[in-house]
Amino acid sequence: MVISYWDDEMAVFLSQLESLPSRLRLRVCVESIAWTIRTLESPIQDPNVASFVSDGLARAESAVNQGLDFTPGLAEFRPRFNDLFEEAVDPGTFQFINAGLFCFANAGSELPFTAAVNILSDSYEGALYRATSASITTEVERATPRAREVIEYQQGQITDALGNAQGLRTIDATP
């Protein structure tokens, strides 16, 4: 599905996200998906999906708290993802497990920008699918308050991380 509203609203912010160090990209993504899932109007019903998302978030939050550039454990989580692929039938759940798996994506030792974009986009899509049963169009996206909330949260996370990155560069530049 093409999410043009999210793409339009996030374009400038995604270029800022790309400029961030990997550990800050990971923080933005993990905090965004965690907030999105924890503020759902109704929790994920499927216990296997809920467990996968919860376990993945716990692992990703631990990586963020340790200052890592990516979430270790892809080999452990990929088989669980594959098992859940067919089970994710509730609206938005596939997007949430997909976003969770992308938290483990790494190129060498960092979270790639493309994975970060997928995490944010999938989190948004998951929230959108859970917020409306209408066929998704740009107009439906714009008219769905939850869509705006998720976008604003993601934008705020990127803005905060950019400020943190600039502060780190200033500290690094001082003698």
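Where a number appears in this text, it was derived from the coordinates with a stated rule and is not lab data. Everything numeric here is computed off the predicted structure, so don't read it as measured data. Cβ sites come from the backbone with ideal geometry, for glycine too, and all protein chains shown count toward neighbours.
Below, the figures for the structure above:
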| quantity | calculated |
| --- | --- |
| Inter-site label distance for Ser4 and Ser109 at 7 Å from Cα along Cβ, in nm | 4.4 nm |
| Assigned charges on the beta-carbon of Lys, Arg, Asp, Glu; segment 4-157 dipole about Cα centre (debye) | 340 debye |
| In order through segment 150-166: 3J(HN,Hα) via Karplus (6.51 cos²θ - 1.76 cosθ + 1.60), integer Hz, x for Gly, Pro | 5, 4, 4, 5, 4, 4, x, 5, 5, 4, 4, 5, 4, x, 5, 5, 5 |
| Pairwise Cα inverse-distance average, inverted: Kirkwood Rh of segment 25-104 (Å) | 12.6 Å |
| Whole-Hz ³J(HN,Hα) from phi, Karplus 6.51 cos²θ - 1.76 cosθ + 1.60, for segment 4-16, glycine and proline x | 6, 4, 4, 4, 5, 6, 9, 3, 5, 5, 5, 5, 5 |
| Nitroxide proxy distance, nm - points 7 Å out along Cα→Cβ at Glu18 and Asn48 | 3.8 nm |
| C-alpha center-to-center spacing [segment 35-58, segment 75-139] in angstrom | 12 Å |
| Alpha carbon Rg of the chain, scaled by the compact-globule rule 2.2 N^0.38 Å | 1.02 |
| Lys/Arg +1, Asp/Glu -1 at C-beta; the chain dipole; positive extreme among Leu101, Pro21, Val53 | Pro21 |
| Protection proxy ranking of 11-22, 92-103, 112-123 - average other beta-carbon atoms within 10 Å, highest first | 92-103, 112-123, 11-22 |
| Backbone HN-Hα couplings from phi across segment 52-65 [Karplus 6.51/-1.76/1.60, Hz, Gly and Pro as x] | 4, 5, 4, 5, x, 5, 4, 5, 5, 5, 5, 4, 4, 5 |
